[in-house]
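Coordinate-derived values only; no laboratory data. Source: prediction; values computed, not measured. A quick note on method: Cβ atoms are made from the backbone with ideal geometry, for glycine too, and the neighbour counts reach across all protein chains shown.
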Amino acid sequence: MSGSPIHGVPALPRDASHRTERVMRARLKNIRWEAEGINSYILEPVDGGLMPAFDPGAHVDVQLSPGLARSYSLVNDPAIRSYYEIAVHHAIDGRGGSRHIHEKWQVGQILEISEPKNNFPMVEDANHTVMIGGGIGITPMLPMIARLEKLGKSWELHYVAASPERAAYVDRLSDYDQVEIAYDGIPGGRRLDLKAICAAAPADAHLYCCGPGGMLDAFLATNCDRPKGHAHIEYFSAETEMATEGGYTLELAKSGKTIAVEEGETMLDALLSAGVNVGFACSEGICGTCEVKVLDGIPDHRDHFLSDDDKAANRSIMVCCSGSKSANLVLDL
């Protein structure tokens with residue numbers, strides 16, 4: 001997972017000041033094949049205790065190597081505290097994270113992960129919940145289903161994959177009558193009818209969509225007349241146009257450093273080259289790890305994490321992909 005809820009429930013006030021997050025050590029207990037190109041990984045605490053609690057929609061950042069971290073949704077029932085489960089799709093044309101996991105991870109090795117974070121929270125008291133997952137986008141829906149079942153709430157799930165061979169967790173979903181599964185990459189297959197699904201949902205329902213960018217765009221367009229905060233999305237990857245124009249200066253208020261961002265490099269590149277310790281994970285502007293408070297100047301927002309209101313306020317910036325519209329940008333670093 002790497003993701004961000006757009007048009008989600010109103011976010012709690014965030015302190016975007018750079019902070020050091022707690023890193024946990026976990027042992028890789030088991031690797032399981034889930035579908036073509038998709039493995040699940042069971043991570044257990046090294047001390048035999050309990051993992052920190054999490055709510056449906058949460059993810060963890062996994063440190064793969066120095067300078068390489070990725071975010072993955074937690075898949076297991078939140079009521080289970082003895083382990084975390086994540087699922088990873090081997091993206092052949094990706095940036096190296098999934099390939100590293102599929103090719104290098106071995107049972108028994110010790111991993112470093114963050115505590116759970118949640119950019120895709122579920123509204124538990126909704127009268128009805130509609131979940132739509134595409135491909136690996138099914139993963140955050142599974143803990144949602146587990147929680148909704150325990151609460152006795154009304155829900156439905158619509159899941160599309162390219163083929164039966166590439167559909168993950170179908171065995172878990174087969175127990176429920178309110179699950180629709182479609183395959184859009186086989187002869188005679190079909191896509192999900194997002195317009196019909198959303199039109200059939202009650203007016204007060206909460207809808208969640210996670211999958212490819214085209215699906216998310218269509219979902220938001222279909223639900224543009226929904227009450228604010230009732231349509232939620234999460235990106236797993238984004239076609240982000242990185243701000244690499246350069247030509248501006250960063251002023252770091254805490255350290256007193258001044259850094260010139262040159263053409264061809266991102267703000268994050270410049271910060272790391274100057275020895276500034278700033279957290280980051282997805283490098284696509286979707287996970288929120290690299291959020292930094294802006295004290296002065298006008299950011300050029302390129303991320304999929306901040307809401308439109310957040311971007312208009314210009315109080316913070318995702319340094320992995322965004323730039324500056326002003327000649328100088330003062331950061332709380």
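Looking at the chain alone, DSSP beta bridges between its own residues are antiparallel in about 60 percent of cases. Specify which residue in the list Leu295, His90, Pro45 is farthest towards the positive end of the charge dipole of the chain, using unit charges on the beta carbon of Lys, Arg (+1) and Asp, Glu (-1), about the Cα centre. Sorting the options by dipole projection puts first Pro45. Across the stretch 241-278, the residues whose backbone nitrogen lies under 15 Å from the label position 7 Å along the beta-carbon direction of Val330 are 249-259. For the chain, relative contact order (Cα pairs under 8 Å, six or more residues apart, normalised by length) works out to 20 percent. Each residue, Asp217 and Ser65, gets one label point 7 Å from its Cα in the Cβ direction; the gap between the two is 3.3 nm. Structure remark: mean-square fluctuation, Gaussian network model of the chain, C-alpha springs under 10 Å; the largest value among Gly97, Gly285, Gly133 belongs to Gly97. Say a paramagnetic label sat at a point 7 Å from the Cα of Asp55, along Cα to Cβ; which residues of the stretch 87-120 have their backbone N under 19 Å from it? Output list for this probe position: 115-120. Site pair Arg172 and Ala91 shows an inter-label distance of 2.1 nm when each label is modelled 7 Å from Cα along Cα→Cβ. Per the Kirkwood definition applied to all pairs of different Cα atoms, how many angstroms is the hydrodynamic radius of the chain? Kirkwood radius, the chain: 20.7 Å. How large is log10 of I(q)/I(0) for the stretch 86-171 at q = 0.15, 0.22, 0.24, 0.25 Å⁻¹ when the intensity is taken from the Debye formula with one equal scatterer per alpha-carbon? Taking Cα atoms of the stretch 86-171 as identical point scatterers yields -0.75, -1.19, -1.26, -1.29. For the stretch 76-174, relative contact order (Cα pairs under 8 Å, six or more residues apart, normalised by length) works out to 28 percent. How far is helix 213-222 tilted off the main Cα axis of the chain, in degrees rounded to 10, range 0 to 90? Between the helix axis and the principal axis of the chain, the angle is about 70 degrees. About the centre of its Cα atoms, the stretch 270-318 shows a dipole size close to 140 debye [charges on the beta carbon of Lys, Arg (+1) and Asp, Glu (-1) only; nearest 20 debye]. The slack in the chain from Asp77 to Lys29, taken as 0.36 nm per residue of separation less the alpha-carbon distance, amounts to 15.6 nm.
For the stretch 119-252, the alpha-carbon radius of gyration amounts to 1.19 times the rule-of-thumb value 2.2 N^0.38 Å expected for a compact globular protein. Annotation: the residues Glu291, Glu103, Glu112, sorted from fewest to most other C-beta atoms within 10 Å of their own C-beta, follow the order Glu103, Glu112, Glu291.
Highest mean first, the peptides 246-252, 209-215 sorted by other C-beta atoms within 10 Å per residue fall in the order 209-215, 246-252. Rounded to the nearest 10 degrees, the inclination of helix 141-151 to the longest alpha-carbon principal axis of the chain is 60 degrees. Working from label points 7 Å from Cα in the Cα-to-Cβ sense, the Arg22 to Gln109 distance is 2.6 nm. For the stretch 269-333 versus the stretch 78-128, the spacing of their alpha-carbon centroids is 24 Å.
For the stretch 150-216, the orientation-averaged shadow of the C-alpha convex hull comes to 5.6 nm² (one quarter of the hull surface).
By DSSP, the beta bridges lying fully in the stretch 248-331 are antiparallel in about 75 percent of cases. Dividing the radius of gyration of the alpha carbons in the stretch 23-114 by their Kirkwood radius gives 0.93 for Rg/Rh. Pairwise Cα distances in the stretch 219-333 exceed 25 Å for 22 percent of all pairs. Annotation: amide H-H contacts under 5 Å for Lys325 (H modelled 1.01 Å from N, sequence separation of 5 or more, or interchain): Ile298, Asp300. Calculated on the Cα set of the stretch 265-333, radius of gyration then Dmax: 10.9, 32 Å. Karplus-derived 3J(HN,Hα) values for the stretch 182-189, using 6.51 cos²θ - 1.76 cosθ + 1.60 with θ = phi - 60°, are 10, 10, 10, x, 10, x, x, x Hz; glycine and proline are entered as x. Karplus-based coupling profile of the stretch 109-120, in residue order and whole Hz: 6, 9, 10, 10, 9, 7, 5, x, 10, 9, 9, 9, with θ = phi - 60° in 6.51 cos²θ - 1.76 cosθ + 1.60 and x standing for Gly or Pro.
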